[in-house]
Amino acid sequence: MNGFEMTDRAVECVRKVTSFVPEIAIVLGSGLGGLADAMEVEVALTADDIEGYAKSTVSGHKGRLLFGTFAGKKAVVQQGRIHYYEGYEPERVVLPVRMMCALGAKTLILTNAAGGVNETYRSGDFMAIRGQIAQFVPSPLRGPNDERYGTRFPDMSEIYSPRLIALARESAAEAGATLREGVYLQASGPNYETPEEIRAFRILGADAVGMSTGMEAIAAKHMGAEILGISLITNPAAGVSAERLSHEQVKEAAGIASDRFLRLVEGVVKRL
Ligand code: HPA
């Protein structure tokens, strides 16, 4: 079964349970799990309810799909992201995003924790993703294409919506949060990068580095979604400071910023 057939099957599984049509889809990265509590949930599904839906194996990531109202909009929220480094094939990494778009979501908000490659970035800053570099991981579109989903050779010159970035700017100003705008580079993980790799990524134009988002954005853009990506900078990337990197540090920094992160995303969704 190819990724699109898998998505069709996953949509069928959801449709057996609910006819909910979301306006927006949100993927929660580290630190945004609390968004689920700010939501009026109508239906909650787990990975077990949806054929092909992979289980997140990462601590701090719950595997649930929530349907309900968030900031006044009908939303579907993926709590528990699937990462390429967990060993899943690209089509399974992007299955939740494809499925949420196929269920009706026209707007997709991707969030993540990231390391600051840009030396002016500070832990706790947010970055609206203006562009991305994802050639260090395989394209999720590799393999047979399905024209019902999108074209064989989709244009990627503007993956992230300038309109949504403008809304994020307004929301950040209201929330008193620092919002940078820059380029996100998806590294394969699960090891953190070396200082040499970070120097190379900086030369390539990256401002932030993480282990998610790029592949999901490509799959959703292929389907025509309007996309916003927001990174929470949880640490200076390797070699930017003398500090060693750890998942604990990332989770701690994400926890500290979680209220601000929630307000930032809430402000964007309200403005849609
Ligand atoms: N590198 C990759 N992924 C990350 C980092 C990092 O420094 N911080 C949070 N996620």
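Based on what the data block shows, is Tyr184 in a loop (DSSP other than H, G, I, E, B), of a type outside the set (Asp, Glu) and within 16 Å of the ligand (Cβ to nearest atom)?
Answer is no for this residue.
Could you please let me know if Thr111 is surrounded by fewer than 24 Cβ atoms within 10 Å (Cβ to Cβ) and not basic (Lys, Arg)?
no
Just for the range 187-199: of the residues that are in a helix (DSSP H, G or I) and loosely packed, with under 14 Cβ neighbours inside 10 Å, which one is nearest to the ligand (Cβ to nearest atom)?
Only one residue tops the list, namely Pro195.
Determine the pairs where a residue that is surrounded by 14 or more Cβ atoms within 10 Å (Cβ to Cβ), located within the range 147-159, has a partner that is among the aliphatic types (A, V, I, L, M) and part of a loop (DSSP other than H, G, I, E, B) with Cβ atoms under 6 Å apart, the partner being 6 or more residues away or on another chain.
Note: pairs meeting the criteria are Tyr149/Met223; Gly150/Met223.
So how many residues does the range 55-85 have that are over 14 Å from the mean Cα position of the chain (by Cα), open to solvent by less than 10 Å² (accessible area, probe 1.4 Å) and touching a residue at least 60 places away in the same chain (Cβ under 8 Å)?
Of the residues in that region, 2 qualify.
Only one of these is assigned to a helix (DSSP H, G or I) and open to solvent by 40 Å² or more (accessible area, probe 1.4 Å): Glu216, Glu170. Name it. I'd like the intermediate steps shown before the answer.
On the way: Glu216 fails: open to solvent by 40 Å² or more (accessible area, probe 1.4 Å).
Every option except Glu170 fails the conditions.
Considering Gly34, Gly72, Gly80, Gly52, which residue is touching a strand residue (DSSP E or B) at 6+ places or on another chain (Cβ under 8 Å) and of a type in the set (Gly, Ala, Ser)?
Step by step, each of Gly34, Gly72, Gly80, Gly52 is checked, and only Gly80 is touching a strand residue (DSSP E or B) at 6+ places or on another chain (Cβ under 8 Å) and of a type in the set (Gly, Ala, Ser).
Can you tell me which of (1) touching a residue at least 40 places away in the same chain (Cβ under 8 Å); (2) away from the ligand (no atom under 14 Å from the Cβ) is the one Gly239 doesn't meet?
(2)
In the range 200-212, how many residues are within 10 Å of the ligand (Cβ to nearest atom) and part of a loop (DSSP other than H, G, I, E, B)?
The total comes to 2.
Test Glu158 against the stated conditions and say whether it is within 16 Å of the ligand (Cβ to nearest atom), at pLDDT 95 or above and acidic (Asp, Glu).
In short, no.
The values are calculated or read from the model by the stated rules, or taken from the named source; none is laboratory data. Because the structure is a prediction, the values reported are computed rather than measured. So basically every Cβ, Gly included, is an ideal-geometry build from the backbone, and we count neighbours across all protein chains shown. Ligands, DNA and RNA are stripped out before the accessible areas are found, and what is left, the full protein with its side chains, is counted by its heavy atoms. Shrake-Rupley method; radii C 1.70, N 1.55, O 1.52, S 1.80 Å.
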